[in-house]
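Novice: First the structure, then my questions, so here it is.
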Amino acid sequence: MNASRSIVLVGLMGTGKTTLCRLVAQRLGRRCVDTDELIIERTGRTVREIFLADGEDAFRALETDVLRGSLDGDEPVVLAAAGGVVLAAANRRALRDSGAFVVWLQAAPEALVERVATQGHRPLLDADPLGTLRTMAADRAPLYREVASAAVDAERPPEQIADWIVRRFERATAADPATGGQR
Ligand code: S3P
């Protein structure tokens with residue numbers, strides 16, 4: 001098995017990375033791994049607790065660590081990479097260098113704001129969620145674009161998106177088996 005063929009889902013908070021991770025993993029008989037969950041497992045604390053007690057920089061350092069660990073594993077997985085993973089240049093490089101098939105889930109901030117309303121692990125959205133999502137969408141679009149092998153409209157039904165991701169991944173992998181089809 002080749003870790004370079006992992007599938008990584010990126011996109012803003014609320015784009016459905018966790019749901020799609022499970023659906024795609026199920027279809028491919030793989031494990032779904034989630035960077036936020038890995039941080040919680042490792043530290044025994046919630047994302048919110050880490051943000052509040054140690055600050056965002058400490059959270060980002062943990063995020064970089066678990067991202068690298070997931071990309072370096074022996075087993076190809078489906079990875080839900082939390083929305084801020086693309087902020088660090090080192091993370092973007094790690095994503096590109098890993099040869100993973102990176103899918104950017106795209107949705108309008110107006111559609112996302114309803115989905116994130118009750119999620120406790122998103123302290124950055126505590127104040128003005130729509131305004132924050134709009135700013136994040138503008139700031140992060142070039143970063144998601146930089147790492148993405150493919151982009152998909154995340155406002156469609158999850159089952160359809162999962163089928164689309166699997167088709168695109170299989171086509172890309174068949175076209176370039178050495179890299180898992182990245183670009
Ligand atoms: C964040 C996204 C969240 C979580 C944290 C910060 C971000 O994960 O890691 O609240 O900066 O986009 P999800 O994208 O899984 O919601």
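Novice: So which of 39, 50 is in contact (Cβ under 8 Å) with a residue 24 or more places away in the chain, within 11 Å of the ligand (Cβ to nearest atom), β-branched (Val, Ile, Thr) and over 18 Å from residue 100 (Cβ atoms)?
Specialist: 39
Novice: Now for a different question. Under 25 Å from residue 169 (Cα atoms) and in contact (Cβ under 8 Å) with a residue 40 or more places away in the chain: does that describe residue 99? Let's see the steps before the verdict.
Specialist: Details: under 25 Å from residue 169 (Cα atoms): yes; in contact (Cβ under 8 Å) with a residue 40 or more places away in the chain: yes.
Considered against the rule, which asks whether it is under 25 Å from residue 169 (Cα atoms) and in contact (Cβ under 8 Å) with a residue 40 or more places away in the chain, residue 99 comes out as yes.
Novice: Can you find a residue in the range 144-151 that is without any contact (Cβ under 8 Å) to a residue 60 or more places away in the chain, surrounded by fewer than 18 Cβ atoms within 10 Å (Cβ to Cβ), within 26 Å of residue 45 (Cα to Cα) and not polar (S, T, N, Q)?
Specialist: No, that holds for no residue.
Novice: Here's a check for you: in the range 7-49, which residue that is of a type in the set (Gly, Ala, Ser) and surrounded by fewer than 20 Cβ atoms within 10 Å (Cβ to Cβ) is nearest to residue 86 (Cα to Cα)? Please lay out each step first, then the result.
Specialist: At the first step, the residues of the range 7-49 found to be of a type in the set (Gly, Ala, Ser) are 11, 14, 16, 25, 29, 44.
Then drop every residue that is not surrounded by fewer than 20 Cβ atoms within 10 Å (Cβ to Cβ), which leaves 25, 29, 44.
Values: 25: 22, 29: 27, 44: 24 Å.
By that ranking, first place goes to 25.
Novice: Can residue 59 be described as aromatic (Phe, Trp, Tyr) and either closer than 27 Å to residue 155 by Cα or under 17 Å from the mean Cα position of the chain (by Cα) (or both)? Don't jump to the end; show me each part of the working.
Specialist: Details: aromatic (Phe, Trp, Tyr): yes; either closer than 27 Å to residue 155 by Cα or under 17 Å from the mean Cα position of the chain (by Cα) (or both): yes.
Here the answer is yes, as residue 59 does meet what is asked.
Novice: Sticking with this structure for a sec: State which residue is surrounded by the fewest Cβ atoms within 10 Å (Cβ to Cβ) when the search covers only the range 121-138 and only residues that are part of a helix (DSSP H, G or I) and away from the ligand (no atom under 13 Å from the Cβ). Talk me through it step by step, then tell me what you get.
Specialist: Taking the range 121-138 first, the residues part of a helix (DSSP H, G or I) are 123-125, 129-138.
Those left that are additionally away from the ligand (no atom under 13 Å from the Cβ): 130-131, 134, 138.
Numbers: 130: 14, 131: 12, 134: 16, 138: 10.
Applying the filter and picking the extreme gives 138.
Novice: Can you tell me which residues in the range 68-120 are within 12 Å of the ligand (Cβ to nearest atom), aliphatic (A, V, I, L, M) and part of a helix (DSSP H, G or I)?
Specialist: 85, 86, 87, 112
Novice: In addition: Hey, can you tell me all the residues within the range 146-164 that are part of a loop (DSSP other than H, G, I, E, B) and of a type in the set (S, T, N, Q)? Please lay out each step first, then the result.
Specialist: First, pick out the residues of the range 146-164 that are part of a loop (DSSP other than H, G, I, E, B): 148-149, 154-157.
149, the sole residue that qualifies.
Novice: Same structure again: Condition test on residue 145, is it within 17 Å of residue 10 (Cα to Cα) and under 14 Å from the mean Cα position of the chain (by Cα)? Step through it out loud before you land on a result.
Specialist: Working: within 17 Å of residue 10 (Cα to Cα): yes; under 14 Å from the mean Cα position of the chain (by Cα): yes.
When the stated conditions are applied, residue 145 passes them.
We did not get these values from a lab; they are worked out from the coordinates using the rules stated. Predicted model, so just to flag it, every value in this text is computed and none were measured. Every residue, glycine as well, gets a Cβ built from its backbone with ideal geometry; the counts of neighbours run over all protein chains shown.
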